[in-house]
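Q: Have a look at this one.
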Amino acid sequence: MSYKRKERDQMTFLPSMVEDYISQHDPVRVYDAFCDALDFSQLGIPIVEDKQGQEEYYPRDMLKLLVYGYSYGIRSSRKLEQANCHNLSFMWLMGGLKPDYRTIARFRVKHKDAIKKALKQCVKMCIDLDLIEGSALFVDGSPFRANASIRKTWTKQRCEEHLKKVSDHIDKLVDESENLDIKEDEQGSLVSISKEIKDKKELKAKIEEIASKLDDNKKLHNTVDSDSCIVKGRQGTHAGYNAQLVVDTKHGLIVHSEALTHNQDYNKLSDQVQKATEVLEKKPETVSTDCGYYSLKDIAKVDSDITVVIPSIKQAQKEKNLHPLKPFDKEQFKYDKDKDEYICPKNKRLKFSFRQAAGERYYRANPKNCKTCFNFGQCTSSNSGRQITRLREEELKENLQHIYLSQKGQEIYKLRKAKVELPFGHIKRNLGASQFLLRTKPKVDAELSILSICFNVVRMITLIGAPSLILKLNGYG
């Protein structure tokens, strides 16, 4: 049997037309059609067909390159430049154009705001294609590493410690310099010490500048990426961002994404729901998330027409058997709304005692009832009797608990786990994007928007199929 051998001297290796490089149903045609369907005037990138002056690459083509590259895990501008030379699908997408890595990087940074708006247009396309209905939304966050080292993160304590060390070192060098000057020995050493003192003073000035940026609102400062925070993950503790995704219930498509500069989800639910509502241009009926977002003051800001399905921290711990409820915890006491009293597990009543300025109401039992109770010492050991605090948002708390424990609430929360984790898994594992390449929040938001678009387009291809989706996108608008 003979061998098939390569022939590099043959006259024709590739088809004569770039259009023939790929098949008619290749996924790259979906990304091409998707970017062609975008309204660039709404993105803030006006396209002038008869533009005069120095030539520049067509903005629509540059966006195609970024979105398609990110969808296959190619995010570096240098690797995107390389792909334009070696990968047939990239050659077809760019029509043989080969922008260098600096041009690609500059476009990505210059049009970061437009890239974020592209995700909003993607969501509206999905709504028009009946892929997003917006009736129920799921919110979740996940830590992503920043393009910065945690060793470049400073706190007030670290600044004070380093300033003390540097000041002591400067004093020591000054004393040594004075001693050498007195002895008039080795002038070279004196020059070296003077240079070292100058370097230490410059270092001290830099640390003092960093310390001046730290206050009660900003307790951390990273000198490489000033917007990053400290995040914890399976790989340890790093400088990073808290990536937030709002996902639709129908097919798990991303409605809104944002990179937060705080490592906690606490107090962030109402803001994410509001921004997702603005994108959808209508209020969802239901919103669900995990106990990390549980803040009664923040949940109270969510529109009353929206049903929030969320477990409290105690409910989540109870489900995991971490901290089971004790016999005389507050949850074991019943509230009598008509009489405005609490009833303990032994049917003794706790009457209203006083109210604080913040709105909390305090209820206290009769000390005689408590002292004569068999459970005195277990329920309370106070001589003034058991006391219960009712929060200003206590009614909301009880309502949330009832919604979560209902059959419908449990079904929604179970569905949340299946829907909201998928985008993070795709972005981090399939696209290899567990760390951002860009720095500062505006640029990181743009990068997260591209990754969200990539996930949505992949899901669209899965749900509709490449040939049908290309036809729908070509006729869009």
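Since every read-out is calculated from the coordinates, none of them should be taken as a lab result. Nothing here was measured: the structure is a model prediction, and the numbers come from that model. Glycine also receives a Cβ, built like all others from the backbone with ideal geometry; neighbour counts cover every protein chain displayed.
Q: Under a point spin-label approximation (7 Å from Cα along Cα-to-Cβ), what is the residue 230-residue 282 distance to one decimal in nm?
A: Distance between label points: 4.6 nm.
Q: Would you mind ranking 381, 89 so that the residue whose beta carbon has the fewest other beta carbons within 10 Å leads the list?
A: Working: 381 9, 89 18.
By the 10 Å Cβ count, ascending, the order reads 381, 89.
Q: Calculated FRET efficiency, residue 394 and residue 19, Cβ-Cβ r, R0 51 Å, to nearest 0.05? Don't jump to the answer; show the numbers that get you there.
A: Values: r = 67 Å, r/R0 = 1.31.
Approximately 0.15, to the nearest 0.05.
Q: Compute the FRET efficiency between residue 323 and residue 462 as 1/(1 + (r/R0)^6), taking r as their Cβ-Cβ distance and R0 = 41 Å, and round to the nearest 0.05.
A: 0.50
Q: Here's a follow-up. With a cap of 16 neighbouring Cβ atoms within 10 Å, and only residues DSSP puts in a loop, list the GluC sites (Glu not before Pro) found in region 220-300.
A: Qualifying residues, ordered by number: 281, 285.
Q: Please compute the length gained on full extension between residue 411 and residue 360, using 0.36 nm multiplied by the number of residues separating them and subtracting their Cα-Cα distance.
A: Value of the extension gain: 15.0 nm.
Q: May I ask you to compute the full-extension gain from residue 110 to residue 336, defined as 0.36 nm times their residue separation minus their alpha-carbon distance, rounded to one decimal in nm?
A: 75.3 nm
Q: When only DSSP loop residues count, what trypsin sites (Lys or Arg not before Pro) in region 304-386 have their Cβ near at most 15 other Cβ atoms within 10 Å?
A: Answer in residue order: 320, 337, 339, 346.
Q: Next question, about the same structure. How big is the gap, in Å, between the Cα center of region 406-438 and the Cα center of region 274-353?
A: 24
Q: Ranked by Cβ crowding within 10 angstrom, fewest neighbours first, how are 450, 254, 461, 470 ordered?
A: Ascending Cβ contact count within 10 Å gives the list 461, 470, 450, 254.
Q: Pairs to check: 124/417; 64/441; 301/428; 64/414; 318/419. Give those whose C-alpha atoms are more than 28 Å from each other in this structure.
A: Values: 124/417 24 Å; 64/441 23 Å; 301/428 32 Å; 64/414 36 Å; 318/419 23 Å.
Result: 301/428; 64/414 exceed 28 Å.
Q: Which ordering of 113, 32 is given by a fewest-first count of other beta-carbon atoms within 10 Å?
A: Lowest to highest Cβ neighbour count: 113, 32.
Q: While we're here: Of the GluC sites (Glu not before Pro) in region 304-373, which ones lie in a loop per DSSP and count no more than 14 other C-beta atoms within 10 Å?
A: Those that pass, being in a loop and sparsely packed, are 360.
Q: Please compute the length gained on full extension between residue 212 and residue 383, using 0.36 nm multiplied by the number of residues separating them and subtracting their Cα-Cα distance.
A: Full extension from residue 212 to residue 383 adds 56.6 nm.
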